[in-house]
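Here is the structure we will look at.
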Amino acid sequence: MGNAIQALEHGNPSMRVRAALAVGTAPDPAYVDRLIERCAVEPDFYVREMLTWALIRHPADVTVPRLVAELHSDRSQARSQALHTLSKIGDRAAWPAITPELLASADDEVARAAWRAAVALVPEGAEPELARRLVSQLGRGDRELQLSLSRALAGLGETILPAVRAAQAAGDARVRRHALATERLLHDPDAGFELAINEAKRVDALGPQH
(Lines give C-alpha, C1' and ligand atoms only; values in the text may rest on other atoms or scores of the structure.)
Protein backbone atom coordinates (compact mmCIF):
# COMPACT_ATOMS: atom_id res chain seq x y z
CA MET A 1 0.00 0.00 0.00
CA GLY A 2 2.97 2.27 0.47
CA ASN A 3 3.45 2.21 -3.31
CA ALA A 4 -0.13 3.41 -3.79
CA ILE A 5 0.44 6.32 -1.41
CA GLN A 6 3.58 7.29 -3.32
CA ALA A 7 1.66 7.02 -6.61
CA LEU A 8 -0.75 9.74 -5.43
CA GLU A 9 1.96 12.15 -6.60
CA HIS A 10 2.54 10.46 -9.97
CA GLY A 11 2.68 12.81 -12.96
CA ASN A 12 -0.08 10.89 -14.77
CA PRO A 13 -3.61 11.64 -13.45
CA SER A 14 -4.87 8.17 -14.36
CA MET A 15 -2.14 6.68 -12.17
CA ARG A 16 -3.21 8.95 -9.31
CA VAL A 17 -6.82 7.82 -9.76
CA ARG A 18 -5.71 4.19 -9.53
CA ALA A 19 -3.65 4.95 -6.45
CA ALA A 20 -6.60 6.60 -4.67
CA LEU A 21 -8.82 3.67 -5.69
CA ALA A 22 -6.32 1.24 -4.21
CA VAL A 23 -6.13 3.14 -0.91
CA GLY A 24 -9.91 3.35 -0.66
CA THR A 25 -10.35 -0.31 -1.49
CA ALA A 26 -8.16 -1.30 1.47
CA PRO A 27 -8.77 1.49 4.02
CA ASP A 28 -6.06 2.13 6.57
CA PRO A 29 -6.31 5.04 9.04
CA ALA A 30 -2.55 5.48 8.74
CA TYR A 31 -3.06 6.93 5.25
CA VAL A 32 -5.83 9.42 6.03
CA ASP A 33 -3.46 12.34 6.54
CA ARG A 34 -1.74 11.70 3.21
CA LEU A 35 -5.09 11.56 1.41
CA ILE A 36 -6.16 14.86 2.95
CA GLU A 37 -2.82 16.47 2.15
CA ARG A 38 -3.20 15.41 -1.47
CA CYS A 39 -6.73 16.84 -1.64
CA ALA A 40 -5.30 20.27 -0.87
CA VAL A 41 -3.02 20.32 -3.93
CA GLU A 42 -4.49 17.85 -6.46
CA PRO A 43 -5.18 19.74 -9.72
CA ASP A 44 -7.37 17.13 -11.44
CA PHE A 45 -11.12 17.08 -10.64
CA TYR A 46 -11.53 13.33 -11.16
CA VAL A 47 -8.56 12.52 -8.96
CA ARG A 48 -10.00 14.77 -6.24
CA GLU A 49 -13.30 12.91 -6.45
CA MET A 50 -11.50 9.58 -6.03
CA LEU A 51 -9.56 10.97 -3.08
CA THR A 52 -12.87 11.97 -1.50
CA TRP A 53 -14.23 8.48 -2.15
CA ALA A 54 -11.14 6.97 -0.52
CA LEU A 55 -11.61 9.16 2.55
CA ILE A 56 -15.29 8.22 2.82
CA ARG A 57 -14.21 4.58 3.00
CA HIS A 58 -12.40 5.28 6.27
CA PRO A 59 -14.08 5.55 9.69
CA ALA A 60 -15.71 8.93 10.29
CA ASP A 61 -14.19 9.21 13.75
CA VAL A 62 -10.79 9.20 12.05
CA THR A 63 -11.51 11.41 9.05
CA VAL A 64 -13.91 14.04 10.40
CA PRO A 65 -11.58 15.65 13.00
CA ARG A 66 -8.79 15.87 10.42
CA LEU A 67 -11.10 17.34 7.79
CA VAL A 68 -12.43 19.90 10.27
CA ALA A 69 -8.86 20.94 10.99
CA GLU A 70 -8.39 21.56 7.24
CA LEU A 71 -11.08 24.23 7.35
CA HIS A 72 -8.48 26.52 8.93
CA SER A 73 -5.95 25.96 6.14
CA ASP A 74 -4.46 28.89 4.23
CA ARG A 75 -5.16 26.99 1.01
CA SER A 76 -8.63 27.61 -0.40
CA GLN A 77 -8.61 24.23 -2.16
CA ALA A 78 -7.86 22.51 1.13
CA ARG A 79 -10.90 24.19 2.68
CA SER A 80 -13.23 23.54 -0.24
CA GLN A 81 -12.21 19.89 -0.58
CA ALA A 82 -12.54 19.30 3.15
CA LEU A 83 -16.04 20.79 3.06
CA HIS A 84 -16.93 18.68 0.02
CA THR A 85 -15.75 15.51 1.74
CA LEU A 86 -17.55 16.37 4.98
CA SER A 87 -20.77 16.82 3.01
CA LYS A 88 -20.32 13.34 1.53
CA ILE A 89 -19.55 11.73 4.90
CA GLY A 90 -22.63 13.34 6.42
CA ASP A 91 -21.50 13.17 10.05
CA ARG A 92 -23.31 15.95 11.91
CA ALA A 93 -20.51 16.13 14.44
CA ALA A 94 -18.91 18.45 11.89
CA TRP A 95 -21.83 20.90 11.89
CA PRO A 96 -20.29 23.41 14.39
CA ALA A 97 -17.33 23.79 12.03
CA ILE A 98 -19.54 25.18 9.23
CA THR A 99 -19.13 28.78 10.34
CA PRO A 100 -20.81 31.93 9.01
CA GLU A 101 -17.38 32.95 7.71
CA LEU A 102 -17.22 29.85 5.51
CA LEU A 103 -20.77 30.34 4.27
CA ALA A 104 -19.90 33.91 3.25
CA SER A 105 -16.36 33.19 2.05
CA ALA A 106 -15.09 35.54 -0.65
CA ASP A 107 -13.72 32.46 -2.42
CA ASP A 108 -16.58 31.13 -4.56
CA GLU A 109 -15.46 27.49 -4.43
CA VAL A 110 -15.15 27.56 -0.65
CA ALA A 111 -18.55 29.23 -0.29
CA ARG A 112 -20.18 26.77 -2.71
CA ALA A 113 -18.76 23.79 -0.83
CA ALA A 114 -19.80 25.32 2.50
CA TRP A 115 -23.40 25.76 1.30
CA ARG A 116 -23.62 22.12 0.27
CA ALA A 117 -21.98 20.89 3.45
CA ALA A 118 -24.25 23.01 5.61
CA VAL A 119 -27.39 21.61 3.98
CA ALA A 120 -26.07 18.07 4.37
CA LEU A 121 -25.13 18.50 8.03
CA VAL A 122 -27.68 20.94 9.47
CA PRO A 123 -29.34 19.52 12.60
CA GLU A 124 -33.11 19.46 12.96
CA GLY A 125 -34.41 22.85 14.06
CA ALA A 126 -31.47 24.85 12.72
CA GLU A 127 -32.79 25.05 9.15
CA PRO A 128 -34.45 28.49 9.40
CA GLU A 129 -31.27 30.14 10.70
CA LEU A 130 -29.23 28.42 7.99
CA ALA A 131 -31.76 29.60 5.40
CA ARG A 132 -31.31 33.19 6.57
CA ARG A 133 -27.54 32.92 6.29
CA LEU A 134 -27.74 31.41 2.81
CA VAL A 135 -30.27 33.99 1.64
CA SER A 136 -27.77 36.70 2.58
CA GLN A 137 -25.65 35.40 -0.33
CA LEU A 138 -28.38 35.76 -2.97
CA GLY A 139 -27.33 37.74 -6.01
CA ARG A 140 -23.60 36.99 -5.81
CA GLY A 141 -21.53 35.55 -8.59
CA ASP A 142 -22.35 34.20 -12.03
CA ARG A 143 -25.29 32.00 -13.03
CA GLU A 144 -23.45 28.80 -12.13
CA LEU A 145 -22.74 30.03 -8.60
CA GLN A 146 -26.28 31.32 -8.23
CA LEU A 147 -27.66 27.95 -9.31
CA SER A 148 -25.49 26.25 -6.67
CA LEU A 149 -26.92 28.53 -3.99
CA SER A 150 -30.50 28.03 -5.18
CA ARG A 151 -30.06 24.26 -5.14
CA ALA A 152 -28.60 24.41 -1.63
CA LEU A 153 -31.55 26.49 -0.44
CA ALA A 154 -34.04 24.20 -2.17
CA GLY A 155 -32.44 21.30 -0.31
CA LEU A 156 -33.77 22.81 2.92
CA GLY A 157 -37.36 22.62 1.68
CA GLU A 158 -40.20 24.98 2.47
CA THR A 159 -38.46 26.26 5.59
CA ILE A 160 -36.63 28.71 3.30
CA LEU A 161 -39.78 30.51 2.15
CA PRO A 162 -39.95 33.29 4.79
CA ALA A 163 -36.34 34.32 4.17
CA VAL A 164 -36.54 33.91 0.40
CA ARG A 165 -39.77 35.90 0.16
CA ALA A 166 -38.32 38.68 2.29
CA ALA A 167 -35.40 38.87 -0.16
CA GLN A 168 -37.85 39.29 -3.03
CA ALA A 169 -38.42 42.84 -1.72
CA ALA A 170 -34.71 43.70 -1.63
CA GLY A 171 -33.47 46.93 -3.17
CA ASP A 172 -30.94 45.06 -5.33
CA ALA A 173 -32.55 43.67 -8.49
CA ARG A 174 -30.04 40.79 -8.65
CA VAL A 175 -31.05 39.70 -5.17
CA ARG A 176 -34.79 40.02 -5.90
CA ARG A 177 -34.56 38.01 -9.11
CA HIS A 178 -32.35 35.36 -7.59
CA ALA A 179 -34.83 35.01 -4.71
CA LEU A 180 -37.75 34.68 -7.13
CA ALA A 181 -35.87 32.10 -9.20
CA THR A 182 -35.00 30.13 -6.07
CA GLU A 183 -38.64 29.89 -5.06
CA ARG A 184 -39.54 28.78 -8.58
CA LEU A 185 -36.83 26.11 -8.41
CA LEU A 186 -38.10 24.92 -5.01
CA HIS A 187 -41.60 24.36 -6.37
CA ASP A 188 -40.49 23.04 -9.76
CA PRO A 189 -37.09 21.30 -9.47
CA ASP A 190 -37.25 20.23 -13.12
CA ALA A 191 -37.42 23.82 -14.32
CA GLY A 192 -34.19 25.03 -15.86
CA PHE A 193 -32.45 27.74 -13.86
CA GLU A 194 -32.14 30.01 -16.88
CA LEU A 195 -35.89 29.72 -17.40
CA ALA A 196 -36.45 30.43 -13.70
CA ILE A 197 -34.23 33.53 -13.87
CA ASN A 198 -36.00 34.82 -16.99
CA GLU A 199 -39.37 34.30 -15.34
CA ALA A 200 -38.05 36.09 -12.24
CA LYS A 201 -37.01 39.06 -14.39
CA ARG A 202 -40.48 39.21 -15.91
CA VAL A 203 -42.20 39.04 -12.52
CA ASP A 204 -39.80 41.57 -11.04
CA ALA A 205 -40.42 43.98 -13.90
CA LEU A 206 -44.19 43.78 -13.36
CA GLY A 207 -43.79 44.86 -9.75
CA PRO A 208 -45.19 43.62 -6.44
CA GLN A 209 -48.82 44.22 -7.40
CA HIS A 210 -48.51 41.19 -9.70
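The values are calculated or read from the model by the stated rules, or taken from the named source; none is laboratory data. Only a predicted model underlies this, so the values are computations on that prediction, with no experimental measurement involved. All Cβ positions, glycine included, derive from the backbone under ideal geometry; neighbour counts span all protein chains shown. Surface accessibility is based on the protein's heavy atoms, side chains included, excluding ligands, DNA and RNA. Shrake-Rupley method; radii C 1.70, N 1.55, O 1.52, S 1.80 Å.
Laid out as a table, the results:
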| read-out | value |
| --- | --- |
| Average accessible surface area per residue within the stretch 6-73, 1.4 Å rolling probe, Å² | 51 |
| Degrees, to the nearest 10: 76-89 long Cα axis against longest axis of the chain | 90 |
| Largest-first principal axis extents of the Cα set of the stretch 14-151 (Å) | 42, 31, 25 |
| S136-N3 FRET efficiency (beta carbon distance; Förster radius 41 Å; 0.05 resolution) | 0.30 |
| Rounded tilt (10° steps) of 173-187 against the dominant C-alpha axis of the chain | 70 |
| Among G141, G11, G157: highest mean-square fluctuation, GNM of the chain, C-alpha pairs under 10 Å | G11 |
| Average Cα contact separation per residue, the stretch 44-187, under 8 Å, 6 or more apart, as relative contact order % | 17 |
| Computed [θ] at 222 nm, helices only, for the chain once each DSSP H run of length n ≥ 4 contributes -39500 (n - 2.57) | -20000 deg cm²/dmol |
| Options L206, S150, A179, ranked by Cα towards positive dipole end of the stretch 67-210, top entry (Cβ charges) | L206 |
| Rounded tilt (10° steps) of 193-206 against the dominant C-alpha axis of the chain | 20 |
| Protection proxy ranking, peptides 109-115, 47-53, average beta carbon neighbours within 10 Å, highest first | 109-115, 47-53 |
